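Chemist: The structure under discussion is supplied below as structure tokens; questions concerning it will follow.
Each value in this text was obtained by applying a stated rule to the coordinates, not by laboratory testing. These numbers were taken from a predicted model, which means no experiment stands behind them. No Cβ is skipped: glycine too gets one built from the backbone with ideal geometry, and neighbour counts run over all protein chains shown.
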Amino acid sequence: MVIRKNSKSSSSSVTAAQGQIRLLRLVDTGAASDLRLQQWQGAGWRECVLPEAFGRQLNLEEPEAGGSQANSEANSEATADSAEALQNPAIAQGDKVILLLPGHWVWSGVESIPKAARRQPRAVGYMVEERLAGDVEDLHFVCLPRRAGQCTVYAVDRERMAFIHEAVGALGWPMHAVIPEYQLLDRGDESVNRLWLDGDHAHLWLGEGRGVSMRREYLNPVVEGLATSPAAADAGADVPVTPALEVLGDAAGMLEAELQTLFDDRVAFLEGAPEALLLSNLKSAKLANLLTGEFKPDESAAAADWWRWPARVAAACFVLQLLGFVVAGSYFHWRAASVESEAEALFSQLFPNDTPGADIRRQVEGYLRQSAGNGDAFVGMMQELGRVWSQGPTGLRLQSLRFDGNRGDMVLQLQAKNLTDLDNAVGKLSAGKVRAELLAANELEEGVSGRIRLR
């Protein structure tokens, strides 16, 4: 039984934070100086003008001796003629670019990498050195964690990555990631292997966490080895129907029959454009971006100055808040001056003989305390005066009485028949609770008048 699935994708690109993900890829045909740039447009790949930086820098293979210069010049002329009909990649403002590198440029494998070493590319390289065909010093490594200490390790030529970094920086493309072609097949699930038939090439991703790209003519031995792997042989009838292999792209003909023979009901052919399906299921946050470490793109001027706009907003808010404080302070100062003027006017009405001080409230409270204490003193003095008045001597007459509340004393003006009677009155007043003092005495036509102060 052959399982077929319809793959429906309503968009040709993945929506990014401020735009869309634009998918570009470099195509290496294997011929000398023949490198092409394509952009996915939803219905297919569109040929684009290859920037001179890519064409000049990424062909690392040395040309063959004899006639190679003539061939190179001929290819250059053909490329120049065809470039007239090509256009630059369509990248709008806010878009992000994912650049696919030819899969055979990047080696991948699964290795147990300690957490402390995952961010040290050179240390990762020495852990997989025995599995590499090149020198660790000449390769750039990226480690992508997967499960229980296992990581997918990617290795790419350091010189080639330096050229890509330089070319991308010169072009000013807003890069999201640079990945090998076969990594589009990685969805993070281990139970499914995926095969992408891409024209003359085939890209294979194994669920365990590694991928490979090859020419389609070399695919049969790899698929046969995958069908007879221990994981495929252990699948029994009681296992839920989950295809061991998902095939994307045109597999009609001998390859489809061979896959059906090898995998039986464990193969599923997904219908529709493989690129659209892969883009719709792309998890951009889990991509193993090769532009990391020493090849991390330099920030653009806009990205480097991201803090300027928030800083301006914060400064404007601070200035507005400061102006608010100044206005509020001015208003409350005006209100305080108005209330102080009203308080001084009221104080002058209540105490016309006194001048308001700096602290009117404390001044009024002092007057109230004095009034409370002097009230008792006035009553006591009047009681003593009444007692002396009732006991004699006779002939005393009160001429005037003045009580000073601030000082707490009373001044009497008494008239007596003679000075002796006046002295006796002063003595009797002093014998009580108050102290009497004769301030002055004057002779009158009829008797004597004296001023007495009581305290």
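Chemist: How far apart, in nm, are two points set 7 Å out from the Cα along the Cα-to-Cβ line at Arg312 and at Lys115?
Modeler: Between Arg312 and Lys115, the label points sit 4.2 nm apart.
Chemist: In nm, to one decimal, how far is the modelled label at Asn88 from the one at Asn442, with both set 7 Å along Cα→Cβ?
Modeler: Distance between label points: 11.7 nm.
Chemist: Work out how much length Ala336 to Arg361 would gain on full extension: take 0.36 nm times their residue separation and subtract the Cα-Cα distance, in nm to one decimal. Working shown, then result.
Modeler: Values: separation 25, 0.36 × 25 = 9.00 nm, distance 1.40 nm.
Value of the extension gain: 7.6 nm.
Chemist: Still on this structure, I have one more. Treat each spin label as a single point 7 Å out from the Cα along the C-beta direction, and report the Asn220 to Glu137 distance in nm.
Modeler: It works out to 4.4 nm between the two label points.
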